[in-house]
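No lab work stands behind these numbers, since they all come straight from the coordinates. These figures come from a predicted structure and were not determined experimentally. So basically every Cβ, Gly included, is an ideal-geometry build from the backbone, and we count neighbours across all protein chains shown.
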Amino acid sequence: MEDIERIVETFEFFDDWDDRYNYLAELGEKLPPLGREYATPEHQVHGCVSQVWVVAELERGPGASVLRFRGDSDTPIIKGILAVLLSIFDGLSPDEALRVDTDAIFNRLGIYEHLSPNRHVGVYAMVQKVRSLAKSLQAAA
């Protein structure tokens, strides 16, 4: 996954939203495929118009344990937004993940102002799913 700072820099480089939408779609294409075994209600993001699935695992390292996220969607733009979201959280400890201000990052990117109300609700549902997964893995860290 791309580093979130690199994503922000690239977003700032583009002058118009058509280029930013294309970049989001490219980010989504870079997400590794999620196996069909994860396309279950347990991994699905509920409240999103598109079909979205997110999986998290705790990777134990020599220091702190970190979260590893994978995900998929059936819509290119939402898959791109999911790629941004997973880039924000992937590699953080559960404690760090629960302190992330995703609204500030998405506002910095200008994503919220260019989404329909339904899509905005879906992005919020994706954030809640990621936070829920981080919280559920917090005790095991």
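Simple point charges give the picture: +1 on the Cβ of Lys and Arg, -1 on the Cβ of Asp and Glu, and for the chain a dipole about the Cα centre of about 620 debye.
Mean sequence separation of contacting Cα pairs (under 8 Å, at least six apart), scaled by the length of the stretch 4-138, corresponds to a relative contact order of 28 percent. In terms of its C-alpha gyration tensor, the stretch 1-80 comes out oblate, because a/c is 1.5 or above while a/b does not outweigh b/c.
Identify the trypsin sites (Lys or Arg not before Pro) of the stretch 37-101 meeting these criteria: DSSP loop state and at most 11 other C-beta atoms within 10 Å of the C-beta.
Arg60
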